[in-house]
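First comes the structure, then the notes that go with it.
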Amino acid sequence: MIKLDESKLAKLKTADQLLDEEYGKEGTLSRAEFHEKAMAWYYGEILRDRRKELKMTQKQLAQKIGKEQSYIARVEKGEVDMQLSSFFRIAHALNIELTPSFN
């Protein structure tokens, strides 16, 4: 069994500490902007992975929803502030069922 060096472990920073240093504390504008960009990237990844599962090109998806291929590329990279209606349209074209949850 490998024994970990406790003194080295104590010097490691948590993810929250690293985010605080890089983007500011939780509740600050810079941290909120980071979170928005991270979520856009995350949802773009989900949509891209599903599109690839269906063996669909960006151009085919764009045609299904009446947008340009470049729009789909920006969505998948998390570079566009997508409207909710566009997200639903893309999800529907990818046969993703969304169930609202109000907690």
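The values are calculated or read from the model by the stated rules, or taken from the named source; none is laboratory data. Please read these numbers as outputs of a predicted model, since none were measured by experiment. All Cβ positions, even for glycine, are placed from backbone atoms using ideal geometry, and neighbour counts span all protein chains on display.
Residues are listed down the side, and each one gets a yes or a no for (1) in contact with a His (Cβ under 9 Å, 6 or more places away or on another chain); (2) of a type in the set (D, E, K, R); (3) at pLDDT 95 or above:
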position	(1), (2), (3)
Lys55	no, yes, yes
Gly66	no, no, yes
Val75	no, no, yes
Phe87	no, no, no
Margin query: Quick test for you: out of Glu26, Glu53, pick the one residue that is without any contact (Cβ under 8 Å) to a residue 12 or more places away in the chain and under 15 Å from Asn95 (Cα atoms).
Written below: Glu53
Notebook entry, point to check: Inside segment 24-40, can you point out the residues that are surrounded by 11 or more Cβ atoms within 10 Å (Cβ to Cβ) and part of a helix (DSSP H, G or I)?
Noted result: Ser30, Arg31, Ala32, Glu33, Phe34, His35, Glu36, Lys37, Ala38, Met39, Ala40
Next item on the list: Could you grab me the full set of residues in segment 66-84 that are surrounded by fewer than 16 Cβ atoms within 10 Å (Cβ to Cβ) and more than 23 Å from Glu33 (Cβ to Cβ)?
Entry: Gly66, Glu68, Gln69, Ser70
